Amino acid sequence: MNQVALLLVLLVVAYFGGALRSEQARFGMASGIEYVLLGIVLGPHLLGVLTSNSIQGFEPLLLMAVGWLATALGMGYGLFNGRRVAWSHFAVGSLLSALTCGVIFLTVAHVGQTWGGLSPKSSALVGLASGAVSAGSGHHAVNWAMRSPVEDSPLKRLLSSLGNVDDLPPLLALSGLVVLAPPTTTRDWSGWQLAIAGLSFGTVLGAAVAALLGPRLRRFELWPVLVGAVLLVVGIVLRLGMPMLAPVFLLGIVVTLLSPHRTEIRKLVLATERPLLLPTLLLAGALVEAPHTRGEWLVVLAAVLARIFLQFFSGFVLSLVFRAARGQGTLIGQALLPSSCASLAMGLVVYLARPGEVGRLVLVVSVAATLVGEVLGARALYRLAALEQENTEEPRVLGESV
Amino acid sequence: MSDKAPAAKRPWIAGLLQLAALLLVTLVLFGTARLVPNSSSEAGLAAALGLLLLGGVLGSEILEVIKLPHLTGYLVAGVLAGPYVLHLIDHETVGALGEVNTLALALIALAGGLELKVSTLREVARSLYIGTLLHTFIGIAVAGLAFFLLRRWIPFAAHLAAPAAIGVALLWGVLAISRSPSATLGILSQTKADGPLTRFSLAFVMSSDIVVVTVAAGAMLVARPLLFPGTEISLDSLNHLAHELYGSIAVGTTLGLALALYLRFVGRNLIIVLLFLGYGFTEGVHYLHLEPLLTFIVAGFVVQNLSEQGDRLLHAIDRTGAVVFVVFFATAGAHLDLPLLAQLWPVAVSLTLVRAFTSIFLQRLSSRLADDPPVLRKWGWSALISQAGLTLGLSVVIEREFPQIGAAFRSLVVATVALNEMLGPILFKLALDRAQESGRHGQET
């Protein structure tokens, strides 16, 4: 398929992505994993409709799209329905995410080195990136499954808040890749210096954008300024070999923290999320390559199993800490399994930034974790939604009988 | 929006903030370019797009203080960031950014057609008719003659035999009567102008597109035997030209009707639809050997005049164009071959001055003959100086059709377009301000 034809296919996918955004849409899955699967089927390793050459031409656009999506995620960070999430939700969500990331890192690194046939350095890189792509849960999935009739129950608020605060630890962990393996582009800078420089740059440019949009928001300037800032950060961090997602994510956070027009900006940016995400996922799917050896399969399996275990553990912790979750630890653990688009975006960025076995394996881990989460987790979310509905209807029924 | 923000009360604070942000961005990119001179194409492309967008908007804000149009800001940002000044963007990246031009030209043509209302055309029909005749015949002749007389100072034309020189002069003359729909629309969008000058400028510049595209195709037919002795004007070529023109009008009409129906019955995701048209439809039109600009102008014209969806589509183009046009003009700025301009400047300036004075004289004459109102007599020429994408696009076609003189010819075109591109928008905005038409859009029915 030539590049123009592929572009048109992507635009058609984006068109339907835009249509799915509407409230009337009742089909499709929260993470968009079905588009990844479509990409796998159409990709060079199965049907070959999408060839490696045609996909390669889209890599710059892919990186820009992922950068934009990370900014959109940053703009929704720590928010539920436009308000700051409760501090308790914020603290517990961040801690659990960091814990999940850390444990998966150690597990995968150990399995990779012991049974996976990976070198110590590759094991560490695959482990850290697998931890990052597996740590988050998906607020989209919660909103999707629990959309109706329970609009704003305490449990939905808890799960959605957790999904909105657990992206930062894995993104920061992803920045650790340059610390473990500094790029060769800038020999004078250590990995730590690069990571900190990247994060600082995102923060400073976010403040600059907020300042520029701050005093008088002119709509025709909003898009060029915002898109320009995101692309500039993406370009510079790629040029310096810095981690890409955390700086743009921070840019999004800082813009929404500092700009007086945060609600309007967030609304406009979030509207672009789905149309941009789905074509990106289609291309990401086409890049997925099955693990080459039994050892690599073991690495992927270890990451997925570790994630399942840790999400159930998180469910147990939540049932102990929050009243809204009491007595439903197992179900909540299962409901935490769906992951957000951040997981696939991180997998894709690692694939593009670390070509070879590291990128290849991490992309497979992110797809496998998302797929398993979607299959196992969605049912739990629907059951929770049904339980919540029963709980809210019960007093009304009793009242009527009295 | 917060009207009480301190910087809103004191615009100079906002200006200083913008200047500081621009300096910051430039310094960071400059430092990065020094630190990592050879970057991957992905990194270079993303950073270049980001810089041109941010630099273009901030530059336009800063220049607005001295009443210069936004377009000038975009162009200046591109020139400064480009390969000949700060070298923040290299040649390869500037070439890759050219992909945006396909979309930008489609949007410009579509918006151009949408601005052509039958009522406006009727209102200025007499001026338009006389002006088009004068500019097409006398304008081509004068610009061509100037080229012929100056040819001894033009490296690639100095040694041409007289017939060949006449052929090249004819092509030059045709390019000289091309205008810039994008610059016109950009200035009108910024100034929110309305009035007799605005309506005449829109109608003239947009309809001149159609005239120029048609005349250029004919001029290439005539120039071929002059440049290549032994070849003749064949009926096949005329047939091809007719096919191109009628085919473009037919496809454009169909597209316009389809767009009107889509807007009426579906009407969502317009930005994606525009991207689809800009890249996919343009490709299809090329495949059919039709003229994309003409096709999109006709489509826009049909939507505006045969449905009630014109304003809606124009609004969607404005939103998409907010990003695309900044990149388009900033890339045009980065494209400017400054060393070439330095080398050819005496000829380029002479040809630019001849074109400008011819346009002014002919437009004044046309206004007098058409008995135009005083504002048109005084300022009617102001939108006719700018040149940009259409002229460059035609020069690419000429380069392809006449490879012997094409590259050098195109360089001279780029040099003169550079001058017109910088000067034209400033003059047009000045005229709209002086004619007191700026900011009047929506005030009159």
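The values are calculated or read from the model by the stated rules, or taken from the named source; none is laboratory data. Only a predicted model underlies this, so the values are computations on that prediction, with no experimental measurement involved. Methodologically, a virtual Cβ is constructed for each residue, glycine included, from the backbone with ideal geometry; neighbour enumeration extends over all protein chains shown. Just so you know, the surface numbers come from the protein's heavy atoms only, side chains and all, with ligands and any DNA or RNA stripped out. Shrake-Rupley method; radii C 1.70, N 1.55, O 1.52, S 1.80 Å.
Not counting ligands, DNA or RNA, and with a 1.4 Å probe, what is A:Ser88's accessible surface area in Å² rounded to the nearest 10?
Estimated to the nearest 10 Å², A:Ser88 gives 60 Å².
So if we plug the beta-carbon distance of A:Thr184 and A:Ser119 into 1/(1 + (r/R0)^6) with R0 = 22 Å, what FRET efficiency do we get, rounded to 0.05?
0.80
Suppose R0 equals 22 Å; then what is the FRET efficiency for B:Lys192 and B:Leu241 from their Cβ-Cβ distance, rounded to the nearest 0.05?
Efficiency computed from Cβ-Cβ geometry: 0.05.
How do A:339-352, B:342-355 rank on mean C-beta neighbours within 10 Å, highest first?
Packing proxy ranking, top to bottom: A:339-352, B:342-355.
Under 8 Å for C-alpha pairs, at least 6 residues apart: give me the relative contact order for chain A, rounded to a whole percent.
Computed over chain A, the figure is 27 percent.
Compute the distance from the alpha-carbon center of the stretch B:232-311 to that of the stretch B:83-139, in whole Å.
What the calculation gives is 16 Å, centre to centre.
Pick out the long, greasy-scoring helices in chain B: whole DSSP H runs spanning 30 Å or more along their own axis by Cα, mean Kyte-Doolittle at least -0.5.
B:11-35, B:41-64, B:196-227, B:235-265, B:310-335, B:338-370, B:403-434
For the pair A:Tyr382/A:Arg83, report the inter-label distance in nm, with labels modelled 7 Å from Cα in the Cβ direction.
Computed distance between label sites A:Tyr382 and A:Arg83 equals 3.1 nm.
Summarise the partner chain shielding of A:60-68 as one whole number: the mean count of Cβ atoms from other chains within 10 Å of each residue's Cβ.
Partner-chain Cβ atoms within 10 Å, mean over residues of A:60-68: 3.
Sort B:262-268, B:323-329 by the packing proxy (mean of other Cβ within 10 Å over each peptide's residues), most packed first.
B:323-329, B:262-268
What's the longest bit of chain B with no exposed GluC sites (Glu not before Pro), using DSSP loop states and at most 12 other Cβ atoms within 10 Å as the test?
After excluding every exposed loop site, the longest remaining stretch is B:1-231.
Could you work out the relative contact order of chain B? I mean the mean sequence separation of Cα pairs under 8 Å and 6+ apart, divided by the number of residues, in percent.
Result for chain B is 26 percent.
Quick one: how many Å² of B:Ile426 are accessible to a 1.4 Å probe, rounded to 10?
Its accessible surface works out to 60 Å², give or take rounding.
I want to make sure I understand the PRE zone here: with the label point 7 angstrom from the Cα of B:Phe30 toward its beta carbon, which residues in the stretch B:63-88 have backbone N atoms less than 14 Å away?
Under 14 Å, as judged by backbone N against the label point of B:Phe30, lie B:80-82, B:85-88 of the stretch B:63-88.
Within 10 Å of each Cβ of A:234-247, how many other protein chain Cβ atoms are there on average?
5
Nearest 20 debye, what's the magnitude of the dipole of the stretch A:273-369 about its Cα centre given +1 on Lys and Arg Cβ and -1 on Asp and Glu Cβ?
Computed charge dipole of the stretch A:273-369: roughly 300 debye.
For the protein assembly as shown, with only Lys/Arg (+1) and Asp/Glu (-1) charged at the beta-carbon, what is the dipole magnitude about the Cα centre, in debye rounded to 20?
Dipole size: approximately 1380 debye.
Amide H neighbours of A:Leu79 under 5 Å, at least 5 residues apart or on other chains, H built in the peptide plane: list them.
Under 5 Å from the amide H of A:Leu79 lie the amide H atoms of A:Val85, each far enough along the sequence or on another chain.
With labels modelled as points extended 7 Å from the Cα through the Cβ direction, what inter-label distance (nm, one decimal) is found for A:Leu301 paired with B:Leu19?
Between A:Leu301 and B:Leu19, the label points sit 6.6 nm apart.
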